[in-house]
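Scroll down for the structure; my scribbles are underneath it.
The values are calculated or read from the model by the stated rules, or taken from the named source; none is laboratory data. Since we're looking at a predicted model, the values are computed, not measured. Using ideal geometry, Cβ is built from the backbone for each residue, glycine included, and neighbour counts are taken over all protein chains shown.
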Amino acid sequence: MVESLLYDMLHEVKVPRKKVESMEKRVDSLEKEVSSLRQQVQALDEKVQALDEKMQRLDERTLETKAICEAVRHGQEALIAKYDALALDVHNMQGNINRLTNISEEKSFNSS
């Protein structure tokens with residue numbers, strides 16, 4: 001009878017011990033997964049930081065490009081204004097040449 005009781009008690013102790021061992025294995029497995037996930041998160045954080053730095057550089061380049069475009073546009077406007085002024089000067093010169101030609105022809109006609 002005592003043997004039977006001892007055997008039953010031993011059996012009752014073995015079952016929880018197996019469950020504890022099983023839980024320890026599961027905890028170890030979960031700790032490994034958590035460690036792996038932490039490494040992945042760290043790698044992703046580094047990638048995000050690198051992308052953020054690239055975005056900042058792109059923003060800086062975009063601002064520089066906008067400034068260059070604005071300067072080019074301003075230069076174009078100045079060139080257009082100069083072209084228009086030159087075109088007006090040429091038009092006025094043609095008018096003056098025509099007038100002088102007419103005066104010269106009139107003098108030649110009157111002298112003859």
Only residues in segment 21-32 that are surrounded by fewer than 10 Cβ atoms within 10 Å (Cβ to Cβ) count as the first member; pair them with residues that are among the charged types (D, E, K, R) and not in a helix (DSSP H, G or I), Cβ under 9 angstrom, at least 6 apart or cross-chain, and list the lot. none
Could you tell me which of the residues E70, E106 is part of a helix (DSSP H, G or I), at negative phi, surrounded by 10 or more Cβ atoms within 10 Å (Cβ to Cβ) and modelled with pLDDT under 95? E106
Could you grab me the full set of residues in segment 73-104 that are basic (K, R) and over 56 Å from the mean Cα position of the chain (by Cα)? R99
Test V13 against the stated conditions and say whether it is of a type in the set (A, V, I, L, M, F, W, C), in a helix (DSSP H, G or I) and modelled with pLDDT under 95. yes
